[in-house]
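The values are calculated or read from the model by the stated rules, or taken from the named source; none is laboratory data. From a predicted model like this one, the values you see are computed outputs, not experimental measurements. Don't worry about glycine lacking a Cβ; one is built from the backbone with ideal geometry, like all the others, and counts go over all protein chains shown. Please note that ligands, DNA and RNA were not included when accessible areas were found on the heavy atoms of the full protein model with its side chains. Shrake-Rupley method; radii C 1.70, N 1.55, O 1.52, S 1.80 Å.
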Amino acid sequence: MREVKMLLLAMILYGCVPSFKSEEKDRLYLKEISSNSIKLKWFFYSTVSSETPDYITIQKGSQIDTICIANNVADLKFQNDIITIGFYGNPQKYTVPIEISQQVMSYEVIIDTTFTIKSPIPRKFYKKIE
């Protein structure tokens, strides 16, 4: 009987809790930038918690790399072959400071830590329809 209860509980939880697998169909996008040479994507996976980290990835041809995974991303720009990532303070993931490479796939990465926030900002995201 205990096994049946555990199975029912697992089935209920599985249906109610979002998947945290890193699948593209589960991404909630904040911004995408495409140029002739690269694609930049800024997204996250869940709205369950405000502490869910954001991901910024780069794609050049068939090659894909993650530039950063952080909780305090404010903006993403690409201009003159320079990737600029804005942060609310120094880059961090779950309050732990992180390092971000200054160059990825031969593109310069600039970190802008001048963004400030006075109160929580609702984020406008979208999900891609397959």
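The table below lists the values:
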| read-out | value |
| --- | --- |
| Pairs with Cβ under 7 Å, 6+ apart, first in segment 62-79 and surrounded by 19 or more Cβ atoms within 10 Å (Cβ to Cβ), second among the basic types (Lys, Arg) | Ala70/Lys93; Asn71/Lys93; Leu76/Lys31 |
| Segment 83-94: number of residues that are open to solvent by less than 50 Å² (accessible area, probe 1.4 Å) and part of a strand (DSSP E or B) | 5 |
| Verdict on Thr113 being open to solvent by 40 Å² or more (accessible area, probe 1.4 Å) and either assigned to a strand (DSSP E or B) or not β-branched (Val, Ile, Thr) (or both) | yes |
| Inter-residue pairs, beta-carbon under 8 Å, first within 12 Å of Thr66 (Cβ to Cβ) and in segment 85-107, second loosely packed, with under 10 Cβ neighbours inside 10 Å, 6+ apart | Met105/Gln63 |
| Matching residues, segment 1-34, being in a loop (DSSP other than H, G, I, E, B) and either open to solvent by 100 Å² or more (accessible area, probe 1.4 Å) or modelled with pLDDT of 95 or more (or both) | Met1, Phe20, Lys21 |
| Residues of segment 95-110 satisfying the condition of being open to solvent by less than 100 Å² (accessible area, probe 1.4 Å) and either under 18 Å from the mean Cα position of the chain (by Cα) or of a type in the set (A, V, I, L, M) (or both) | Val96, Ile98, Ile100, Ser101, Val104, Met105, Val109, Ile110 |
